[in-house]
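Engineer: Okay, handing you the structure first.
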Amino acid sequence: VIRLKPLCFQYCSRECQVAHWKLHKSTCSSPYAAKDWAPTYEKQGRPAAFMTGQSEPTFAHYGKAGNYLWGNIVARDALNISMNEGESVKKQDVRLCFAASGDLRNVIKTLNGLSLDYGGQCTLVINDFHPQVAIRNVVLLCMLLDSSGPSAELTAEAVLHVLYSASLTLSQSELVGKWMERASVFVREGASLFHGGLKLGPTASLEWWYPQQVADLLRRIRDSTYTRVQSEADRRRNMISPERIDYRERYYSTLRPRHRVGYAHWLDTGILLPLGQPVGAFDKPNRRITNTFDRLLYSEDAEWLLMDSANPCLAWDPLEVEATRKKRGLPDEDYFGSLFFHIKQELVEFITRARRFNLSVLLFSVDLNVLPQLLDLVTEGKPKLMFDRVETSNVMDTTGPSSIISSWGPRLNRTNPHSALLMYSMNFALKVKDGAAENQPPNKMTNMVMQLTNYLGYKRGMAPPPMQLVLTSMAAFFDTRAPFAEYLRQEGVSEACRTAKVRQRKVPRILPVRVGVGLKDYNSPNITITPEEFYFIGNLLYPTWHERFVEFELA
């Protein structure tokens, strides 16, 4: 293997290096690769737009209705078998509810937590209120579960690109089109419910109960006739608008040079691939589907559905991505390449399990607190569905935690002492007096800054850390325990728990209580990761450091 400066590509021979130069040149010579690169606002000596509030675009500028199709927290295993059921789970039936699923990353991560020799019946209930998410979930699960379809490797790549790429290859686009057509067969004119079901292998079944509006949207997307030129123009207008350069470069300023190049390359092409891989195959005409753009990332009117802050890096644990890179011997400069292989491996593992397990998947698209009643309605005459895990994303930020506890606490499986209701908040700090790091008095903020600079190895006499790093990361040294406890008190969580016969876990067994803290470090006031890990968690994920996770168990 020949490794060449600036170490962003590997070649098997000199001939391949020369042949690849046309593709290599644009990334190799990218201005973002320079170690002395600086944001435009610094070079121009002007205040950044995000500091002044000027040029702040309207919400529509981020994408239609400001969708979050990729979620806002990395994939989490809702089971964590080793600290809960243990080996005994192999012979147990498991029922899991993802009551506000967003995309499928948590479903994928959780099923992969079961060993390949799992022998019980696994039931997955997956719900999301967003019609576009509902359509994506049914199409993607058909692709993943279909044992008669392409190999696990080919299916994994197809699903990866449907999830994170703006365009598809011809064969991938045809596969998506096939399952959109299959799902459309169940649309009934005048029906109030879009109900369908498919047997996707000897042991896997999929059934859905969607509102009619989901069926209507599915048909509009299926029948849309816009071209890739139209869809790509809207993607670029949203994702790389000149008006938003300060916001993009704020993120660039926290990244290592080659990681900046990779992110800029992904923004430019819209395709999640290792750096230097040709993207020409993702732009071929398709007679039946007009063009090979990814219809599941666009509206029926060719509108890009993601905000310009959307980033596939935010959906998967960067420490696990880094472990994948090391295991495969990938170059450390190409984070997006490592991410590609990591997601593909997760998908291959999921496909292997989904096509082997006794698996029943039930899909819904209703309000989270309405779902329990709908479950009872569609399973009338059968035993009530009770769950070993209920994962509710950050819906507590909009409905409050107490309503979720009231709706889902009674649905925990009372024969399993490890049953748990999971939720997290991203916005609690805004609802509690002095709940955020930036609301602290000057002496406390100075103390946080000092802890951050010492932690990162800055010493007296050295150049100070970049101001952007300080502003975005000092909250890592803000103790969020008391503000979060006050938030739960204000929301009446104790009373809701008593009524639902559950209680807050004092010692978490599934989710770390905050970003940057290990599961066993739940009582730490500050982050516990190493400075090297901080780069991946703090810079690539770009958290607020105020996120809090909480578990509830049977009382």
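Engineer: Has segment 388-395 got at least one residue that is modelled with pLDDT of 95 or more, of a type in the set (A, V, I, L, M, F, W, C) and more than 24 Å from the chain's Cα centre (by Cα)?
Structural biologist: Within segment 388-395, none of the residues are modelled with pLDDT of 95 or more, of a type in the set (A, V, I, L, M, F, W, C) and more than 24 Å from the chain's Cα centre (by Cα).
Engineer: Six or more apart or on different chains, Cβ under 7 Å: which pairs go from a residue in segment 291-314 that's over 23 Å from Phe341 (Cα atoms) to one that's acidic (Asp, Glu) and at pLDDT 85 or above? Could you list them?
Structural biologist: What qualifies is Ala302/Asp234; Glu303/Asp234; Trp304/Asp234.
Engineer: Within the bounds of segment 468-479, is there any residue that is open to solvent by 70 Å² or more (accessible area, probe 1.4 Å) and free of Cβ contacts under 8 Å to residues at least 60 places away in the same chain?
Structural biologist: First, the residues of segment 468-479 that are open to solvent by 70 Å² or more (accessible area, probe 1.4 Å): 471.
Right, trim to free of Cβ contacts under 8 Å to residues at least 60 places away in the same chain and you get 471.
The answer is yes; a qualifying residue exists.
Engineer: Return the residue satisfying two criteria in turn: it lies in segment 411-430 and is in a helix (DSSP H, G or I) and either among the small types (Gly, Ala, Ser) or open to solvent by 50 Å² or more (accessible area, probe 1.4 Å) (or both), and of such residues it is farthest from Arg95 (Cα to Cα).
Structural biologist: Of segment 411-430, the ones in a helix (DSSP H, G or I) are 411, 428-430.
After this cut, where a residue has to be either among the small types (Gly, Ala, Ser) or open to solvent by 50 Å² or more (accessible area, probe 1.4 Å) (or both) as well, the list is 429-430.
Values: Ala429: 33, Leu430: 34 Å.
Of everything passing the filter in segment 411-430, Leu430 is farthest from Arg95 (Cα to Cα).
Engineer: Applying the selection to segment 239-270, what residues are among the polar types (S, T, N, Q) and over 19 Å from Ala48 (Cα atoms)?
Structural biologist: Narrowing segment 239-270 to residues among the polar types (S, T, N, Q): 241, 253-254, 269.
Passing the criteria: only Thr269.
Matching residues to (1) among the small types (Gly, Ala, Ser); (2) at pLDDT 95 or above; (3) more than 22 Å from the chain's Cα centre (by Cα); (4) closer than 30 Å to Arg256 by Cα:
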{"site": "Glu322", "(1), (2), (3), (4)": "no, yes, no, yes"}
{"site": "Phe340", "(1), (2), (3), (4)": "no, yes, no, yes"}
{"site": "Ile351", "(1), (2), (3), (4)": "no, yes, no, no"}
{"site": "Asn358", "(1), (2), (3), (4)": "no, yes, yes, no"}
{"site": "Leu363", "(1), (2), (3), (4)": "no, yes, no, no"}
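Engineer: Determine if segment 354-372 includes at least one residue that is open to solvent by 20 Å² or more (accessible area, probe 1.4 Å), part of a helix (DSSP H, G or I) and not aliphatic (A, V, I, L, M).
Structural biologist: So far as segment 354-372 goes, no, none of its residues is open to solvent by 20 Å² or more (accessible area, probe 1.4 Å), part of a helix (DSSP H, G or I) and not aliphatic (A, V, I, L, M).
Engineer: Take Thr446 and tell me if it is surrounded by fewer than 16 Cβ atoms within 10 Å (Cβ to Cβ) and either in contact with a strand residue (DSSP E or B) (Cβ under 7 Å, 6 or more places away or on another chain) or more than 22 Å from Ser309 (Cβ to Cβ) (or both). Don't jump to the end; show me each part of the working.
Structural biologist: Numbers: surrounded by fewer than 16 Cβ atoms within 10 Å (Cβ to Cβ): yes; either in contact with a strand residue (DSSP E or B) (Cβ under 7 Å, 6 or more places away or on another chain) or more than 22 Å from Ser309 (Cβ to Cβ) (or both): yes.
Yes, satisfied.
Engineer: Could you check segment 182-206 and list, in sequence order, the residues that are surrounded by fewer than 15 Cβ atoms within 10 Å (Cβ to Cβ) and not in a strand (DSSP E or B)?
Structural biologist: The answer is Val185, Arg188, Glu189, Gly190, Ala191, Ser192, Pro202.
Engineer: Still on this structure, I have one more. Considering only residues that are over 20 Å from Ser393 (Cα atoms), surrounded by fewer than 19 Cβ atoms within 10 Å (Cβ to Cβ) and not polar (S, T, N, Q), which ones fall in segment 507-540?
Structural biologist: Lys520, Asp521, Pro525, Pro531, Glu532, Glu533, Phe534, Tyr535
This table checks each residue for (1) outside any loop (DSSP other than H, G, I, E, B); (2) in contact with a Lys or Arg (Cβ under 9 Å, 6 or more places away or on another chain).
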site	(1), (2)
Thr225	no, no
Ser231	yes, yes
Glu243	yes, no
Tyr263	yes, yes
Trp266	yes, no
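Engineer: Over 21 Å from Pro525 (Cβ atoms), at pLDDT 95 or above and within 29 Å of the chain's Cα centre (by Cα): which single residue out of Val513, Val493 fits that description?
Structural biologist: One residue alone meets the criteria, Val493.
Engineer: (1) at pLDDT below 85; (2) more than 22 Å from Met239 (Cβ to Cβ): which one isn't true of Lys327, the others all being true?
Structural biologist: In the conditions (1) at pLDDT below 85; (2) more than 22 Å from Met239 (Cβ to Cβ), Lys327 misses (1) alone.
Engineer: Something else about it: Listed residues Lys382, Lys344; which is in a loop (DSSP other than H, G, I, E, B) and either of a type outside the set (Phe, Trp, Tyr) or more than 23 Å from Val107 (Cβ to Cβ) (or both)?
Structural biologist: Values: Lys344 fails: in a loop (DSSP other than H, G, I, E, B).
Residue meeting the stated conditions: Lys382.
Engineer: Same structure again: Could you tell me whether Ile405 is aliphatic (A, V, I, L, M) and within 24 Å of Asp317 (Cβ to Cβ)? Spell out how you get there, then give the answer.
Structural biologist: Working: aliphatic (A, V, I, L, M): yes; within 24 Å of Asp317 (Cβ to Cβ): no.
So Ile405 fails the test.
Engineer: Is it the case that some residue within segment 402-410 is within 22 Å of Pro543 (Cα to Cα), open to solvent by 20 Å² or more (accessible area, probe 1.4 Å) and of a type outside the set (Lys, Arg)? So that I can check it myself, show each step before the final result.
Structural biologist: Here is the first cut: in segment 402-410, the ones within 22 Å of Pro543 (Cα to Cα) are none.
Among the residues of segment 402-410, not one is within 22 Å of Pro543 (Cα to Cα), open to solvent by 20 Å² or more (accessible area, probe 1.4 Å) and of a type outside the set (Lys, Arg), which makes the answer no.
The values are calculated or read from the model by the stated rules, or taken from the named source; none is laboratory data. All values derive from a computational prediction rather than experimental measurement. Here Cβ is always computed from backbone atoms with ideal geometry, including for glycine, and neighbour counts include all displayed protein chains. We work out accessible area using only protein heavy atoms, side chains counted, and drop any ligands, DNA or RNA first. Shrake-Rupley method; radii C 1.70, N 1.55, O 1.52, S 1.80 Å.
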